[in-house]
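First the structure, in the form of structure tokens, and then the observations on it.
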Amino acid sequence: TDGPDLRVLEYTGIARDSSLEKAAEQSGAGTDIDSGPLQTKHAYDLIVAGTSVQGATIGPGPGYMGRLLTPGNGSLAEDTIVTSPGTYTATAMQNGSDGDFWAIDAIAFRGAADAPP
């Protein structure tokens, strides 16, 4: 479909100041979608990722919860809460052929406290 692809998600428990900790993005072709490494420094980060695909996203990657699958173009919004600093990757899969385009963006938000957001 033509037009904007806008997904709106609402969360609580995120730090009010300096909440954006890190971002990662990649694009490619094929059925496996991978954001690349996302290094967090804070326990209890919320990682939110979104795909844009030529085929249709089948579902969220391991450890992620699918929040929204857009009708018409099959793009996904997914999230997870991590409980320790480290390197994380947002993944998903799309159906289609090995030549189908995909892009993914992942963002880590710092929790408001050392407890799950």
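The values are calculated or read from the model by the stated rules, or taken from the named source; none is laboratory data. None of the values given here were measured: they were computed from a predicted structure. Here the Cβ is made from the backbone with ideal geometry for all residues, glycine too, and neighbour counts use every protein chain on show. All accessible areas refer to the heavy atoms of the entire protein, side chains included, with ligands and DNA or RNA removed. Shrake-Rupley method; radii C 1.70, N 1.55, O 1.52, S 1.80 Å.
Numbers below:
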quantity: Residue match in the stretch 109-116 (condition: charged (D, E, K, R), buried (at least 16 other Cβ atoms within 10 Å of the Cβ) and over 23 Å from E10 (Cα atoms)); calculated: no
quantity: Residue, modelled with the lowest pLDDT, within the stretch 56-79, restricted to residues that are buried (at least 19 other Cβ atoms within 10 Å of the Cβ) and out of contact with any Lys or Arg (no Cβ under 9 Å at 6 or more places or on another chain); calculated: T57
quantity: All strands (runs of 3 or more DSSP E) inside the stretch 1-94 with 2 or more residues being of a type in the set (V, I, T) and within 16 Å of D105 (Cβ to Cβ); calculated: 45-53
quantity: Subset tally (residues that are in contact (Cβ under 8 Å) with a residue 24 or more places away in the chain, within 17 Å of D100 (Cβ to Cβ) and of a type in the set (A, V, I, L, M)) for the stretch 58-78; calculated: 2
quantity: All positions within the stretch 39-55 that are over 12 Å from the mean Cα position of the chain (by Cα) and open to solvent by less than 10 Å² (accessible area, probe 1.4 Å); calculated: T40, D45
quantity: Candidate set from the stretch 81-102 (those that are more than 11 Å from Y44 (Cα to Cα), open to solvent by less than 50 Å² (accessible area, probe 1.4 Å) and aliphatic (A, V, I, L, M)); member that is modelled with the highest pLDDT; calculated: A90
quantity: Leading residue by the ranking (surrounded by the most Cβ atoms within 10 Å (Cβ to Cβ)) among those in the stretch 15-31 that are over 16 Å from the mean Cα position of the chain (by Cα) and of a type in the set (A, V, I, L, M, F, W, C); calculated: A15
quantity: Residue check for G36: modelled with pLDDT under 90 and either over 18 Å from V8 (Cα atoms) or buried (at least 21 other Cβ atoms within 10 Å of the Cβ) (or both); calculated: no
